[in-house]
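Each remark here refers to the structure printed beneath this line.
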Amino acid sequence: MEKNSSLNFYNELSETYHLIFHDWYRAIHWQGDFFNDFIRSQYQHKGDGLIKLLDASCGIGTQSLGLAQHKFTITATDLSAKSVERAVREAEKAGVHIEFGTADFRSLEQDVPGQFEVVLSADNAIPHLLTDEDLKAACRNLYSKVLDNGLLIISMRDYDNEIKDKQRATSPRVMDKGKRISFQVWDWMGDDNFYITHQFIMQEIDGVWQTEVNSTSYRALLRHELSAFLSDAGFTDIRWHMPSESGYYQPIVTAKKIEFK
């Protein structure tokens, strides 16, 4: 794994990441409503108390801020300290309480105290891990953070489909009446299932177009590959929920940590 590829990417995007969305604050509410319903459909919470949840790739808070408005006690961590700083400010603005911290997928056991009923990593964060060794370490550490009988939830791009054509760019999203445009250009690394994403954000400000470009590496991680890593880490009941079923824009995998007595 290119050591600082994703770290630099999200540090640099921390103040402008919301511009990728048509309306980031509306997206926060949608994500909170979606994952609240999805989690409760997959996890049988005992009692009427709050569900204890770890968002292990919180970024600037897209999922955590929304879930904090439902019945959850949330710890939210990310590799990018600058993204976490932005998330802290957004939580204060929204008037919600979240315990924030900086942590790496591969060292969650040491970086984050305690265990959680639900551990979440949304929006294609896991495929930043390029090697089998890093993915194995991440899955082991995610497993260590899930309470017995708890649930892991991961969403990522549909690489099983996208690897067929190896698209070179995403369709531009034209926003703010044509004054803001966001898109990605993908550079594939030969015949391998790895690529570099160049995230473009273009804005017209006072009649002048400004362009921000940030780049990071991904692995086109296939569903059976991630399932195998999760199984090897000890997870059971591994299930994939496709967008046509869940209503989310990416495939979601759920896995359970079953207590054997």
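The values are calculated or read from the model by the stated rules, or taken from the named source; none is laboratory data. It should be emphasised that the depicted structure is a prediction, and the values quoted were computed from it without experimental measurement. Please note: Cβ atoms are built from the backbone with ideal geometry, for glycine as well, and neighbour counts cover all protein chains shown. We work out accessible area using only protein heavy atoms, side chains counted, and drop any ligands, DNA or RNA first. Shrake-Rupley method; radii C 1.70, N 1.55, O 1.52, S 1.80 Å.
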Residue with peak Gaussian network fluctuation, the chain [Cα springs, cutoff 10 Å], from T73, T170, T102: T170
For V146, other-chain or 5+-apart residues with amide H closer than 5 Å (H placed, Pro excluded) are F116
Surrounding charge for E212, neighbours by C-beta under 12 angstrom, Lys/Arg +1, Asp/Glu -1, total -1
Accessible area of R89 in the full protein assembly, 1.4 Å probe (Å², nearest 10): 110
At S231 and E162, where each label point lies 7 Å from the Cα along Cα→Cβ, what is the point-to-point distance in nanometres? 2.5
Taking all pairs of distinct alpha-carbon atoms in the range 170-214, Kirkwood radius in angstrom: 11.7
Which aspartates and glutamates does K52 reach when only Cα atoms under 19 Å apart count, and residues fewer than 8 places away in its own chain are ignored? D33, D37, D78, E99, E109, D111, E117, D148, E259
Past the 15 angstrom mark, what percentage of all C-alpha to C-alpha distances in the range 175-261 do you count? 73
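Could you look at the chain and say what percent of its accessible area is carbon and sulfur, using a 1.4 Å probe and all protein chains?
49
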For the range 129-144, Karplus-derived ³J(HN,Hα) couplings (6.51, -1.76, 1.60; θ = phi - 60°; whole Hz; x for glycine and proline) come out as 7, 8, 9, 4, 4, 5, 5, 4, 4, 4, 5, 4, 6, 4, 4, 5
With a point put 7 Å past each Cα toward its Cβ, work out how far R89 is from M189 in nm, to one decimal. 3.3
Can you give me the accessible area per residue for the range 45-185, using a 1.4 Å probe, in Å²? 43
For Y143 the rounded accessible area (nearest 10 Å², probe 1.4 Å, non-protein molecules ignored) is 60
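Quick one: order D55, D104, D187 from most to least accessible surface, probe 1.4 Å.
Descending order: D187, D104, D55.
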Highest-MSF residue in the chain out of W186, W209, W240 [GNM, Cα springs under 10 Å]: W209
Starting from 0.36 nm per residue, how many nanometres of slack lie between T102 and Q250 once their C-alpha separation is accounted for? 50.8 nm
Can you give the accessible area of K164, probe radius 1.4 Å, in Å² rounded to 10? 150
Quick one: grab Rg to one decimal and Dmax as a whole number for the chain, Cα atoms only, in Å. 18.0, 67
Add -39500 (n - 2.57) for each DSSP H run of 4 or more in the chain, then divide by its residues: what number comes out at 222 nm, to the nearest 500 deg cm²/dmol? -9500 deg cm²/dmol
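Before anything else, pin down the relative contact order of the chain: Cα pairs under 8 Å, at least 6 apart, normalised by residue count, whole percent.
This gives 17 percent for the chain.
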What residue among F21, F35, F116 shows peak mean-square fluctuation when the chain is described by a Gaussian network model with Cα springs under 10 Å? F21
Cβ-derived FRET efficiency at R0 25 Å, Y25 paired with Q210, nearest 0.05: 0.65
Name the residue from S244, T216, A233 whose Cα lies farthest towards the positive end of the charge dipole of the range 208-261, charges +1 on Cβ of Lys and Arg and -1 on Cβ of Asp and Glu. A233
Beyond 17 Å, the calculated P(r) of the range 1-120 holds a percent of Cα-Cα pairs equal to 55
